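Okay, structure first, notes after.
The values are calculated or read from the model by the stated rules, or taken from the named source; none is laboratory data. From a predicted model like this one, the values you see are computed outputs, not experimental measurements. Cβ atoms come from the backbone with ideal geometry, glycine included; neighbour counts cover every protein chain shown.
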Amino acid sequence: MIKLRSLREERKVNQQKIAMDLEISQASISKYEVGIAEPDIGTIIKLAEYFNVSTDYLLGVSEKKILLIKDDLTNAEIEFLVAYRSLTKTQREKVGAYIQGIVDTSGS
């Protein structure tokens with residue numbers, strides 16, 4: 001698994017901790033990291049959820065790391081994200097600057 005070791009090191013957990021948390025053998029985690037074995041689909045999903053990344057990121061198919069879970073977002077937040085994604089780069093920069101301005105002034 002292309003990203004497993006780097007995710008584990010980034011989170012500062014050892015193979016044994018992951019193995020215990022996910023009820024997988026430490027030997028399996030080690031084999032996944034060095035490419036000797038490949039996890040089954042269920043294990044891939046468990047690992048992605050554990051590290052809060054997409055399965056595509058975990059497998060090296062995508063560089064988009066963060067996994068947004070719709071259950072954590074309100075309808076208004078989802079609508080905002082959909083609208084934001086439809087903006088041009090310049091428009092996104094303006095929105096970002098506007099939000100940053102609000103955040104900066106609300107702390108005063």
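Annotations for the structure displayed:
- Of Lys31, Lys89, all but one fail to be surrounded by 12 or more Cβ atoms within 10 Å (Cβ to Cβ) and out of contact with any helix residue (DSSP H, G or I) (no Cβ under 8 Å at 6 or more places or on another chain); the exception is Lys31.
- When restricted to residues that are assigned to a helix (DSSP H, G or I) and free of Cβ contacts under 8 Å to residues at least 24 places away in the same chain, the range 6-43 contains 17.
- When every residue of the range 58-69 is checked against the conditions, none turns out to be exposed (fewer than 15 other Cβ atoms within 10 Å of the Cβ) and part of a helix (DSSP H, G or I).
- Among the residues listed as Val82, Val95, Val53, the single one being under 14 Å from Leu7 (Cβ atoms) and of a type in the set (A, V, I, L, M): Val53
- Being of a type in the set (Asp, Glu), more than 15 Å from Met1 (Cα to Cα) and modelled with pLDDT of 90 or more holds for only one residue in Glu38, Glu23, and it is Glu23.
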